[in-house]
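Here's the structure we're looking at; comments come further down.
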Amino acid sequence: MLLATNDEDWEFVLLNLYNDLLGSGNVVIQFCDDHVQSYFSGYDKFELLLCQNSNALMPGQTLELKACIGAFSSAVKLRVFVNGAALETTDMGYAKYKRVIKPNDPEKINLRVEYKDQNGMETTRQQLITYKVLKP
């Protein structure tokens, strides 16, 4: 029970209450800082990514380019599979795939990528890639 009899006593009580609240606020802030993952991208490798609409153009057709920087993390332990076969990952953290197209190719590629996400959980992404084989 607080027994404040004059203004100085009330000032003392309010100052103590204010200091207690500040201290409690700092404890809450520290708790949140300790339990909320801070932002750190983890990207340690960067590479130019370039896409073009075609590599065979006729006069009058338009060439389109899209360029950006890809940010990669070697910590994700990327594994890439094309039609079930594992691809080698480069030291930059990505995989390359090349294939000579034949007239009777199936016109589709099953792509599967496995990696560790930001929480360390194994994650899988899959994509069916289709293309058209032109007749000469």
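Side notes on the structure shown:
- For segment 44-136, trypsin sites (Lys or Arg not before Pro) are listed when DSSP marks them as loop and at most 15 other Cβ atoms sit within 10 Å of their Cβ; the list is Lys77, Lys96, Lys98, Arg99, Lys132.
- Taking a straight Cα-Cα cut-off under 18 Å and skipping sequence neighbours fewer than 8 places away in the same chain, the lysines within cross-link reach of Lys77 are Lys45, Lys96, Lys116.
- When only the Cβ of Lys, Arg, Asp and Glu is charged (+1, +1, -1, -1), the dipole of the chain relative to its Cα centre reaches about 2140 debye.
- Lys45 long-range amide H proximity, modeled H, under 5 Å: Phe72, Ser74
- Loop sites in segment 59-136: GluC sites (Glu not before Pro), DSSP, at most 14 other Cβ within 10 Å: Glu64, Glu88, Glu107
- Over the chain, relative contact order from alpha-carbon pairs under 8 Å, at least 6 apart, %: 16
- Working note: 222 nm ellipticity from helices only, DSSP H runs with n ≥ 4, each -39,500 (n - 2.57), summed and divided by the residues of the chain, gives -7500 deg cm²/dmol to the nearest 500.
- Radius of gyration (Cα atoms) of the chain, expressed as a multiple of 2.2 N^0.38 Å: 2.09.
- If you take all other residues with their beta carbon under 10 Å from the beta carbon of Val82, and give Lys and Arg +1 and Asp and Glu -1, the sum is +2.
Throughout, read-outs are computed from the coordinates displayed, never taken from laboratory work. This structure is a prediction, so every number in the text was calculated from the model and none was measured. So basically every Cβ, Gly included, is an ideal-geometry build from the backbone, and we count neighbours across all protein chains shown.
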